[in-house]
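The values are calculated or read from the model by the stated rules, or taken from the named source; none is laboratory data. The structure displayed is predicted, hence computed values, not measured ones. Heads up, the Cβs are rebuilt from the backbone with ideal geometry, glycines too, and the neighbour counts pull from every protein chain shown. What goes into the accessible areas is simple: the full protein's heavy atoms, side chains included, and nothing from ligands, DNA or RNA. Shrake-Rupley method; radii C 1.70, N 1.55, O 1.52, S 1.80 Å.
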Amino acid sequence: MSNISVLLVDDHNIVRQGLRALLIAEGDMTIVAEAQTGREAVQLAAKLHPEVVVMDLAMPLLNGWEATRQIVKAFPSARIVVLSTYGDDDHIQQAIAAGAAACLLKQTAAANLVKAIREVKMGNAYFSPAIAKRLREQTCRSSVNGASMPTNEPDLTPREAEVLQLIAEGFANKQIAAELGLSVKTVEKHRQQLMHKLNINDIAGLVRHAADKGIIELATAGVPSVP
């Protein structure tokens, strides 16, 4: 059996070290690269074409949901194993909608990660027991109600999602424009659209929303200057 090529994506070096040691010890997995931001993950996936990407959701510059969406769109054969600190319905649904083939709770990833990687490599889906239980409960509720589970999250475009994260991380408009290759005027337009869609009237509100949704970790949240 050939080795499974894996890209590790997590902004914490100690976490990547632990995951690398765990996977290398299996003997049939090769770590082709490691990424510290979601944007770096997208770039490395495009360059190296790993078979499996192990993706943390709370990533700087580009969160794990959006990075997953971009990788799957550009490289459909890539299989994404999402690691999340959160096990609530919203986070699970967003990960699956973004294209994740497996969802694991970060707290118990060591016990399930190896099996998840092998399962997704074979084309299967995999969920840690706690998440699988929640999905079964959702299915049961949907069957009883005769409808799919609703979501209260407004439909943001990929670009709006990127701008929201950068705003919440404390980037000013000029910095966002430089990071995304946009004009400052375009960034301002995206910010206005975000406020309208989310019914939020100030930058601090956008930061709180991003933190509440797990788009950023609380430690990285900040209220940026507008210019």
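Which of the residues spanning the stretch 124-162 are touching a strand residue (DSSP E or B) at 6+ places or on another chain (Cβ under 8 Å) and either outside any helix (DSSP H, G or I) or at pLDDT 70 or above (or both)?
Ala125, Tyr126, Phe127, Ser128, Ile131
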Within the stretch 25-59, considering residues that are open to solvent by 10 Å² or more (accessible area, probe 1.4 Å) and part of a helix (DSSP H, G or I), the one nearest to Phe171 (Cα to Cα): Arg39
Top-ranked residue in the stretch 181-206 [being open to solvent by less than 30 Å² (accessible area, probe 1.4 Å) and in contact with a Pro (Cβ under 8 Å, 6 or more places away or on another chain); ranked as modelled with the lowest pLDDT]: Ile203
Hits in the stretch 60-93 (condition: in a helix (DSSP H, G or I) and either under 21 Å from Val15 (Cβ atoms) or open to solvent by less than 10 Å² (accessible area, probe 1.4 Å) (or both)): Gly64, Trp65, Glu66, Ala67, Thr68, Ile71, His91, Ile92
Qualifying residue in the stretch 20-37 (condition: in contact with a strand residue (DSSP E or B) (Cβ under 7 Å, 6 or more places away or on another chain) and closer than 19 Å to Ile215 by Cβ): yes
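Name every residue in the stretch 1-24 that is small (Gly, Ala, Ser) and open to solvent by 30 Å² or more (accessible area, probe 1.4 Å), in order of residue number.
Across the stretch 1-24, the qualifying residues are Ser2, Gly18, Ala21.
If I ask for residues that are farther than 20 Å from Lys121 by Cβ and among the hydrophobic types (A, V, I, L, M, F, W, C), which ones from the stretch 22-45 would you list?
If the condition is that a residue be farther than 20 Å from Lys121 by Cβ and among the hydrophobic types (A, V, I, L, M, F, W, C), then Val42 is the only one that fits.
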